[in-house]
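All remarks here apply to the structure that follows.
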Amino acid sequence: MAGTANRGVAWVTGAGTGIGRGIARRLAEDGWSVAVSARTARDLDSLAAEVPGRITAFQLDVTDPKAADDTGRRIEADLGPVDLAVLNAGSYFPTNARSFSVDNFRKTVDLNLMGTVNCMGPIVPSMVGRRSGHIAIMGSQSAFSGLPTAASYGATKAALNSMAEAFKPDFDRYGVAITIINPGFVKTPLTAKNRFPMPFLMELDDAVEIILRGLEQRRFAINFPWQMTLSTKLLAALPGWAKFAITRKMLPKE
Ligand SMILES: NC(=O)c1ccc[n+]([C@@H]2O[C@H](COP(=O)([O-])OP(=O)(O)OC[C@H]3O[C@@H](n4cnc5c(N)ncnc54)[C@H](OP(=O)(O)O)[C@@H]3O)[C@@H](O)[C@H]2O)c1
């Protein structure tokens, strides 16, 4: 059931499936007016039908900077100033040494890093000008330590963590909140493709609940589940010989 309260305008990218869809639906149910973006229009339309009157679809490929800028401006013109942006669109393209691919890195950087930055383009000046707003960026626990097959993915997620940390004190001066969300493994269409063990794999609804609670509290970092955070942060703190003894075991079979 859609709530009656009007909590403000939220924009969720990558909202067609998985974590973004779950966040968008919950925000709409909680009384937000939600703009949702992805490339696949039918996913957005079916989501909009789940919470009638609360969700508006804006089809967008976030790797196109002009389209991202136009979409951000259109959302603000149609729905009002964006109070909360959840910049979630992203994907994982596995890497390995034998089939090293420059294209893999370009694709991953264009989507995960530049896709996020492209969507910040129209909303950061608007939020800074209004001295209010909240930007939440989708990172990953792979940001904390270099993991096999995630050379490009982890690099972009580490970059997003660094970017959020760098902006935090600057945004604070203008009353704009920034959050970095670093999930472990969550059951979504993305992870359904993985053929390796996924420790502490979480249900989507549980992940969405944790993210929504963290956003409500305007936390800077939402790292979960705690068992995965502990593991990845411990791994990062180990000396090289111990770290690589562990990550060597994570290599897929040749
Ligand atoms: N699932 C996990 O375990 C996990 C863990 C850590 C972090 N994350 C992060 O969480 C985010 C969502 O992942 P997910 O697991 O929910 O994946 P997902 O189910 O594959 O959802 C990804 C969403 O992003 C959209 N998208 C992909 N490329 C896009 C593009 N060029 N422009 C606009 N939208 C695009 C997809 O829709 P279209 O294809 O229709 O565009 C889809 O709506 C990603 O940033 C991912 O790195 C996931």
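The values are calculated or read from the model by the stated rules, or taken from the named source; none is laboratory data. Every value quoted in this text rests on a predicted model; they were computed, and no experiment measured them. Neighbour counts are summed over all protein chains in view; Cβ atoms, including those assigned to glycine, are modelled from backbone coordinates with ideal geometry. Side chains are part of the model used for accessible areas, which takes the heavy atoms of the whole protein and leaves out ligands, DNA and RNA. Shrake-Rupley method; radii C 1.70, N 1.55, O 1.52, S 1.80 Å.
Taking 22 Å as the limit for the C-alpha separation, the pairs K187/K243; K157/K243; K157/K187 exceed it in the case of K187/K243.
Between E50 and S91, the modelled label-to-label distance comes to 2.0 nm, taking each label 7 Å out from Cα in the direction of the beta carbon.
Counting only Cβ charges, +1 for Lys and Arg and -1 for Asp and Glu, the dipole size of the chain around its Cα centre is about 760 debye. Looking only at segment 176-200, which residues have a backbone nitrogen under 14 Å from a spot 7 Å from the Cα of K253 in the C-beta direction? Inside the label zone: 195-197. Measuring between their Cα centroids, segment 36-56 and segment 93-144 lie 22 Å from each other.
With all protein chains kept in place, the per residue accessible area of segment 109-164 amounts to 29 square angstrom at a probe of 1.4 angstrom.
Our estimate of slack between N6 and L201, defined as 0.36 nm per intervening residue step minus the Cα-Cα distance, is 66.8 nm.
Between the alpha-carbon centres of segment 64-91 and segment 189-254 there is a gap of 28 Å.
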